[in-house]
Amino acid sequence: MKTSQPGRLFGEFAWVAIGRVIAALLQAAMLALVARSVLPEQFGLLSALLGVATFAQTASDLGIATFVLRERAREPDSPAVAAGLRVNQWTSLALAITSVFLIAGGALLIDPLFWFMLPLAVWAAAERNADTRVGLAVADGRAAISVINLVVRRASALVVFAALTLLGLHGVLAYSIAVALAGLGSAVWANYYVRRHISALPSSMRLAIRSARPFWFNSAAMQARNFDATIVGLAGGAVAAGLYSAASRLTVPLQILPTSMATVVVPASIRAVRDGLSLRPLARSLVATTGLMVAFSAALILVVPLLLPAILGDAYQGSVPVIQIVVAFLPFSAVSSLLTALLQGLGDGVLVAAIAVSVTLVCLALVLIGTTVAGPAGAAVGLGVSFGLQSVLLGLRVRPVVRRARRRLN
């Protein structure tokens, strides 16, 4: 029996959302074990490198992951998909080599502990390579394949880490080896999947890079917002940065719901236009997701004063109003994620990227102004206002883009 469009979309969303929650819990568990097994300053160095590596994964991707996902949904046998995967192969190799030199430089110039982190160069490249390839499964309407790859990767890394620590390896080295081996296994399986499902010869890699540029600008702009805590620290001091970071970073997992829906919205919107289907079921799903975020945010605002001291301790009592402000604006962030995916799927990636870059600059300026005027709470208001601004600007584009997509079908 053929699955209806709304049923198919919900099934894909459920797979992605549940899988990401499980993967996040596995990752949190392993990082907690690492933190318990090493000194705080050693865990701080590891966390700092992981943050840099995550940014490097996004920056060196060149937007290819989203481009391949969109192109595969638009035209399954497109030569541009094979070209994009070839670009990803080369950029992943470049990321691994560059990471080796940078980590070795850290070991020579900063702390010898970085030698234990050398396997993270393999991890960063392998995970990026794997995620780009299993993204094809999402485009094909087989999100379960992508989710299983992610969950197995995280679970196997946890098992290997536990085994290595039992053998007496240093916690940082055990973690680095575990995630590197799990990433390699994930990449090998993902490449096997690609060989089975991609038959077209690649087109021009230069053309693929040019076509992926809007997606690259959008993702890079989103990553650049992570400099907000640095700005708060420079403008308001270490205490302000700590209180603000507790709010901005702890609320990131709360966005799993909208980001999971956004992952399936890109191919779903393309398939709907390609097959001449109505976009209304997709629109209803976006509205329902936003409604859930509004209800969840409202409930969380009420319980934060009770939960936060129990989780982080009384020292973070000052973060309560900051977190409440950020949580109050989270529905706008959810709307932005969903509309970004919808507009990218409908072919409006250039303007989406322009909005993302512009709003990121406004966001960092508002955070600076807010910190100067009202400390961490002011910075949180600045961050939240930028969420609202982006959602409004994207919302203004939806109707004309949908009309354009419908005209192409008639």
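We did not get these values from a lab; they are worked out from the coordinates using the rules stated. The structure presented is a predicted model; accordingly, all values stated were derived computationally and were not measured. Here the Cβ positions follow ideal geometry from the backbone for every residue, glycine too, while neighbour counts run over all protein chains shown.
Given a Förster distance of 45 Å, report the FRET efficiency between residue 115 and residue 362 from their Cβ-Cβ distance, rounded to the nearest 0.05.
0.60
So the label point goes 7 Å from the Cα of residue 255 along Cα→C-beta, right? Which residues of segment 221-239 then have their backbone N under 14 Å from it?
221-229
If the chain between residue 21 and residue 167 were fully stretched, how many nm would it gain, using 0.36 nm times the residue separation less the Cα-Cα distance?
49.6 nm
Go through 123-136, 66-79 and give me the packing order, highest mean Cβ count within 10 Å leading.
123-136, 66-79
Pulled fully out, how much extra length does the chain show between residue 302 and residue 148, if you take 0.36 nm times their separation in residues and subtract their Cα-Cα distance?
Full extension from residue 302 to residue 148 adds 51.9 nm.
To the nearest 500 deg cm²/dmol, what mean residue ellipticity at 222 nm is calculated for the chain from DSSP H runs of n ≥ 4 alone, each contributing -39,500 (n - 2.57), summed and divided by the residues?
So the helix-based figure for the chain works out to -30000 deg cm²/dmol.
Let me know the Rg and Dmax you get for the chain when you use only its Cα atoms, in Å.
Cα only, the chain: 21.4, 67 Å (Rg, Dmax).
Over the Cα atoms of segment 73-150, how large are the radius of gyration and the largest Cα-Cα distance (Dmax), in Å?
Rg, Dmax (Cα atoms, Å): 16.3, 49.
Using 0.36 nm per residue, how much length does the chain from residue 97 to residue 396 gain when fully extended, once their Cα-Cα distance is taken away?
Working it through step by step, the gained length comes to 103.3 nm.
Pick from 145, 97, 64: which residue has the top mean-square fluctuation in a GNM of the chain where Cα pairs under 10 Å get a spring?
Fluctuation is largest for 97.
Quick one: check the C-alpha center-to-center distance for segment 148-186 versus segment 29-86, whole angstrom.
When both Cα centres are located, 17 Å separates them.
Run the simple label-point estimate for residue 317 and residue 403 please: 7 Å along Cα→C-beta, distance reported in nm.
Result: 5.6 nm between the two label points.
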